[in-house]
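These notes concern the structure reproduced below.
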Amino acid sequence: MRRQTKVPSPFRAEDHARAARLPTIQLGPDLRIEYSLSAPEPVGLYDVPLDELMSVIRRQVCDAWIFLGSDIVGGVQLMRYSIPAFMDAEEVLYVMDMDEQEESDLACALEAEFGDIGEEVGAYGDIVEIRRVWMKPISSLAGRSSDAVNSLVGAFCPDFALIVLKAFPLEYEHAFNSPDESFADLAFNRRRAAMMRLYTKTYSVQPMQGSHGEQGWMYRRRAE
């Protein structure tokens, strides 16, 4: 299966055009990141009074476009979660299951690895999930995705408690609807294993224990 070359959402030119007043991170003479931040919002619980926002799980989205000159050649999407230290694991799992399956999967992986998510993770800072990374297959960009992600995390949430990601090759997003799913599954597992080895080197993350690690979940605590 060929690597994905079509620009995926939310990294298209039209997505970038809808964002306003974008901060810039310069990665080199011609390579830069422009990114936008959403307003923090409560997860799963709506119409929360402003004075109660600190007592609920909050989410913030960072969408970034990587430019080589004037061309979009990559993109990164980060999710930032603030979890109150007093919130027990059962409540975290319940709330994170309200809006989307990806957040529920994240909460289940964190609970399996850390147990009491609020006390063991949330008390020390926010969780940054590397939700999506895409780069054009250009030789001059080889290895630069880690520069982009690490620089973006440093600007978006430097005092994070945990960086977490799930290794998933984007070119396989629709592969399992094909007739030959057994081949897709074998190739997917090999590609995911290769990605996990790469992420260990580039992002200094390690696989989670048990089945979640086998599914591609990885993490790194912030160094004290």
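The values are calculated or read from the model by the stated rules, or taken from the named source; none is laboratory data. These numbers come from a predicted model, not from an experiment. Methodologically, a virtual Cβ is constructed for each residue, glycine included, from the backbone with ideal geometry; neighbour enumeration extends over all protein chains shown. Protein only, heavy atoms only, side chains kept; ligands, DNA and RNA dropped before computing areas. Shrake-Rupley method; radii C 1.70, N 1.55, O 1.52, S 1.80 Å.
Some notes on this structure:
- Rounded FRET efficiency, nearest 0.05, which uses the C-beta distance separating SER211 from LEU186 and R0 of 25 Å: 0.85
- Set of segment 60-74 residues, backbone N closer than 17 Å to the point 7 Å along the Cα-Cβ line of ALA17: 65, 70-73
- Bridges between two residues of segment 13-166, per DSSP, are antiparallel at a rate of about 90%.
- Proximal lysines to LYS6, defined as alpha-carbon separation beneath 16 angstrom and excluding residues fewer than eight positions away on the same chain: LYS136
- Farthest positive-ward along the chain dipole, Cα basis, beta-carbon charges - from PRO84, SER146, ILE57: SER146
- Using only side-chain charges placed at the Cβ, +1 for Lys and Arg and -1 for Asp and Glu, the dipole size of the chain relative to its Cα centre rounds to 1560 debye.
- From its DSSP helices (H runs of at least four residues, each -39,500 (n - 2.57)), the chain gives a residue-normalised ellipticity at 222 nm of -9500 deg cm²/dmol.
- What a 1.4 Å probe finds exposed on segment 95-157 is 41% carbon and sulfur by accessible area, rounded to a whole percent.
- If you sort the three axes of the alpha carbon gyration tensor as a ≥ b ≥ c, you get a/c of 1.5 or more for the chain and a/b no higher than b/c, which makes it oblate.
- For the chain, built as a Gaussian network whose Cα springs stay under 10 Å, the top-fluctuating residue of GLY74, GLY118, GLY44: GLY44
- Length-normalised contact order for the chain - Cα pairs under 8 Å, 6+ apart - percent: 16 percent
- Remark: spin-label model distance ASP97-TYR124 equals 2.7 nm, labels positioned 7 Å along the Cα→Cβ axis.
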